[in-house]
Amino acid sequence: MSPNTRSSRAETPIAFIQAMVSAYEARGMDPSGALKTAQIAPNLLRQANARVTALQMEWMSEAAMRELDDEALGWFRRRLPWGSYGMLVRASLTAPNLGVALARWCRHHNLLTDDIRLTLSTSNGKAHIELHEEHDLKDLREFCTVSVLRNALGVACWLTDSRIPLSATDLQFAPPRHADSYRVLFDGPVRFEAPHSQLSFDAGYLQLPIRRDEAALQRMLQRALLLTVRPYRRDRLLVEKVRQSLAEHPEHNRNADDLAAWLNLSPRTLHRQLKEEGASLQALKDAVRRDMASDLLLRSTRPIKQVAAEVGFQNEKSFMRAFKSWTGLTPDEFRSGR
């Protein structure tokens, strides 16, 4: 066993490995090579409560997809040949924002198989990626549902380079014996025996721009399964909310407590979450004030003192020092184009 496998926590239910083995058996193929690649002992398959690591799941899934030439791993009546999901992502790269990209991804997925139907909907400030079962998936229902929904979320996170926290996960099937694993598979509350399966999250994420291109896609496809097994850390929606609040309410530049209260967070939580996402409140303040000041200097003839006040500075001198540190120019030089 490699060091990486040993150090990872085994949280993935063996049921998902068993489902892949059943796909091999349905096609008269031997899964032993894939199990060996994933460092999964065959006797583990007979232990109902066994778990494997995310890395083992990644290894097994990739080996099975290649050997079966089916990225759906036997879920559907028709195979999805190797490269199908990469094609779906490529078709979404040119979308202007995540909402358009996800709607396109769902629509194109529906062209690949009619066993399930994926839709994107919004209601009460929430976005929902819905999965409707059109053909009985039988014993593969859980594995298919979890895999497709996690892949859709992984694609959304990757396209926007943002962690998208879930507000709820609804699943059509009954709680499995390994239901405790769902605290790792999906963040937020999980509800079983729902009318249909869906992921729900803040609809604000649908407005985030697509941040990836073809070169990034080629790099991602070298290990595409990371989309489903590794959570994103950076949450660009929080950063955008802070930017918007600072731009619309310059008075918050002076007081982090007021800004945190406006965002319904404690000051400590605000600073901690921004740090986790690779940002800082001071850097965001500076960026917003720089952009606002630059716009005012170029688009108006207002005195420097007035510009300073409008972007949250208490005096002209401190604004002039800050502006020169941001741009290398004094406000007058910037305005005159020097």
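Throughout, read-outs are computed from the coordinates displayed, never taken from laboratory work. In this text, all values refer to a predicted model and were calculated from it rather than measured experimentally.
What to note about this one:
- Between 0 and 90°, nearest 10: helix 267-276 axis offset from the chain longest Cα axis: 60
- You can think of it this way: the chain between Q207 and T122 has 29.4 nm of extra reach, that is 0.36 nm per residue less the Cα-Cα gap.
- A cut-off of 5 Å between modelled amide H atoms, ignoring neighbours fewer than 5 places along the same chain, links L208 with L98, G99.
- In the list [x] 51, 47, 46; [y] 79, 42, 41; [z] 79, 39, 37, the label attached to Cα extents along the principal axes in Å as derived from the coordinates here is [z].
- Between K241 and S266, the contour length at 0.36 nm per residue exceeds the alpha carbon distance by 7.5 nm.
- Over 19 Å (Cα to Cα) - which of K285/K324; K275/K324; K126/K241 fall in this group: K275/K324
- Pairwise centroid distance, computed over Cα atoms, of region 261-338 with region 137-206, Å: 40
- Each stretch of four or more DSSP H residues adds -39500 (n - 2.57); spread over every residue of the chain, this sum gives -15000 deg cm²/dmol at 222 nm.
- The angle between the Cα long axis of helix 98-112 and the longest principal axis of the Cα atoms of the chain comes to about 20 degrees, rounded to the nearest 10.
- Using alpha-carbon coordinates, inclination of helix 236-248 to the longest axis of the chain, degrees: 20
- Within a Gaussian network of the chain (alpha carbon springs, distance under 10 Å), most fluctuating of S61, S162, S32: S32
- Extension gain for D69 to A48 (0.36 nm times residue separation, less C-alpha to C-alpha distance): 4.8 nm.
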